[in-house]
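Below is one structure, written out as structure tokens; comments come after it.
The values are calculated or read from the model by the stated rules, or taken from the named source; none is laboratory data. Values in this document were obtained by computation on a predicted structure and should not be read as measured data. Here the Cβ is made from the backbone with ideal geometry for all residues, glycine too, and neighbour counts use every protein chain on show. Side chains are part of the model used for accessible areas, which takes the heavy atoms of the whole protein and leaves out ligands, DNA and RNA. Shrake-Rupley method; radii C 1.70, N 1.55, O 1.52, S 1.80 Å.
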Amino acid sequence: MSERIEVRAKGFEKVEAFVSEVLVTLGQVVDRDEVLLRIEAEKVSFDQSAPVAGRIAELLVTKNGDVHEGDLLVVLERTAIELPRAPASAPAAPRVGVSSDYHASPWIRSLARERDLDLSQIEGTGPHGRIVEADLLSRAPSVRETPLPSATEVHTPEAKLVLVPPSTESRQLSTLQRTVARAVTRTWTEVPHVTQFDESDVTELEAFRVALNREPRKEGSKLSLLPFIVKACACALRAFPDFNGSLAGEELTLNRDVNIGFAVDTGDGLKVPVIQQADRLSVLQIAGEIARLGDGARAAKLISTDTRGGTFTVSNLGGVGGTAFTPIINGHELAILGVSKAELKPKWDGAAFVPRLMLPLSLSYDHRVINGVAGARFIAHLGALLTDLRRALL
Ligand code: CAO
């Protein structure tokens, strides 16, 4: 009569884990608590021990295989009759492939190696004279400071420490976060992105913006840098129509309208409302649209037409900080502009270093359609427009 005992992965919810070592083979007889597998998860290793003594009836994992919560790892066959072992009084018979005449699991052998202990000099106090962990600890008593839990331990060359599971709390992603997660995963995995970095001297533009904000205006909305950036992008897209397209399968569509989406942090997730026909709008009109759509996004009051038809996206993190980032292309568009925080930097003007306000630009584009030269030209053109928006009139 034999009883089958399933050994399943436990404690790996929401953790990426894989088998780093398989320490047993099919048919092998193991003791209770003998280590069967070593599992790596988030840079720490866990030992999966045998819950009972028995024979390995099924080994369902391989080295480097993924481990998920609840996976069946090993099936042990526990026999009613005690499994054959060497008698305790007699010296243990050498196992095939093992040159020593002591009885110890691979885990004990590796511990002994770590601690530089000679197992042939240690008398085992386990079943049938098997060397167990306590026998090693009596030789090196200082290594463990707290009692051993059943199966979760961290191993370092210096010591064996008990892993205290981190205190956690979990929550479900919101519907918006799930939608964004699916969309960015698709684009990130399907579209070969290249990100081109540059910076634009926006000293004069910023001075112009500050001066404009001091003027009383009917529209009322304060001008940030973003409407100028959107306007410059719209002009650049007119000059480089190949960036204003979309790719579906192998079919490239170039859009006649320039509809620019901009990323809004809603607090609950990311939304990208779209400024329709941005190339036909003035900077003040664009600022009005940004205010309207930004408020609508944060209040969850956008209607479907507010988020449709985008042909290019701007993600401005300049109000937050950072020097550069690699934005992920939105939907089936071909490019996206990431903007980081403008900073005063010393620039050589031919005679001396002068302080200039430099705006970091990060342009990600679909390399299936846009090549590196075009990417570099587009971002240089955009930078020149931001340095002197009068170029938009040309
Ligand atoms: N560098 C330096 N300063 C910048 C800047 C930049 N790149 N961009 C904006 N600023 C300044 C603005 O000019 C404004 O300055 P003043 O207070 O002196 O007028 C200030 O920062 C605040 O701007 P803002 O963030 O309120 O306004 P905005 O028009 O730049 O942006 C909006 C509006 C809706 C896009 C923004 O509120 C937002 O949600 N940003 C987050 C975008 C995001 O999540 N991107 C990541 C997407 S990828 O995960």
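Of all residues in region 218-236, those that are assigned to a loop (DSSP other than H, G, I, E, B) and within 9 Å of the ligand (Cβ to nearest atom) total 3.
Of all residues in region 334-354, those being more than 14 Å from the ligand (Cβ to nearest atom) and in contact (Cβ under 8 Å) with a residue 12 or more places away in the chain number 3.
Name every residue in region 270-320 that is open to solvent by 60 Å² or more (accessible area, probe 1.4 Å) and near the ligand (Cβ under 9 Å from one of its atoms), in order of residue number. Within region 270-320, 270, 295, 298, 317, 319, 320 meet the criteria.
The rows are residues; the columns are (1) over 25 Å from residue 134 (Cβ atoms); (2) open to solvent by 50 Å² or more (accessible area, probe 1.4 Å); (3) modelled with pLDDT under 80.
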position	(1), (2), (3)
1	yes, yes, yes
7	no, no, no
37	no, no, no
50	no, no, no
56	no, no, no
69	yes, yes, no
93	no, yes, yes
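Taking first residues from region 206-217 that are assigned by TED's automatic domain parsing to the domain that holds residue 383 and within 12 Å of the ligand (Cβ to nearest atom) and partners that are open to solvent by 60 Å² or more (accessible area, probe 1.4 Å) and modelled with pLDDT under 95, the Cβ contacts under 6 Å between residues at least 6 apart in sequence or on separate chains come to 213/222.
Quick one: would you say residue 323 is modelled with pLDDT of 95 or more, open to solvent by 40 Å² or more (accessible area, probe 1.4 Å), within 13 Å of the ligand (Cβ to nearest atom) and assigned by TED's automatic domain parsing to the domain that holds residue 375? Against the criterion (modelled with pLDDT of 95 or more, open to solvent by 40 Å² or more (accessible area, probe 1.4 Å), within 13 Å of the ligand (Cβ to nearest atom) and assigned by TED's automatic domain parsing to the domain that holds residue 375), residue 323 qualifies. For region 245-268, indicate whether the set of residues that are buried (at least 18 other Cβ atoms within 10 Å of the Cβ) and assigned to a helix (DSSP H, G or I) is non-empty. No. Specify which of the listed residues (192, 227) is in the same structural domain as residue 359 (by TED's automatic domain parsing) and loosely packed, with under 13 Cβ neighbours inside 10 Å. Of the residues listed, the single one that is in the same structural domain as residue 359 (by TED's automatic domain parsing) and loosely packed, with under 13 Cβ neighbours inside 10 Å is 192.
Residue 357 meets the conditions (1) touching a residue at least 40 places away in the same chain (Cβ under 8 Å); (2) within 16 Å of the ligand (Cβ to nearest atom); (3) buried (at least 21 other Cβ atoms within 10 Å of the Cβ) in every case but one. The failed one is (3).
Could you check, for region 362-370, whether at least one of its residues is open to solvent by less than 70 Å² (accessible area, probe 1.4 Å), aliphatic (A, V, I, L, M) and either within 16 Å of the ligand (Cβ to nearest atom) or under 17 Å from residue 262 (Cβ atoms) (or both)? Among the residues of region 362-370, at least one is open to solvent by less than 70 Å² (accessible area, probe 1.4 Å), aliphatic (A, V, I, L, M) and either within 16 Å of the ligand (Cβ to nearest atom) or under 17 Å from residue 262 (Cβ atoms) (or both), which makes the answer yes.
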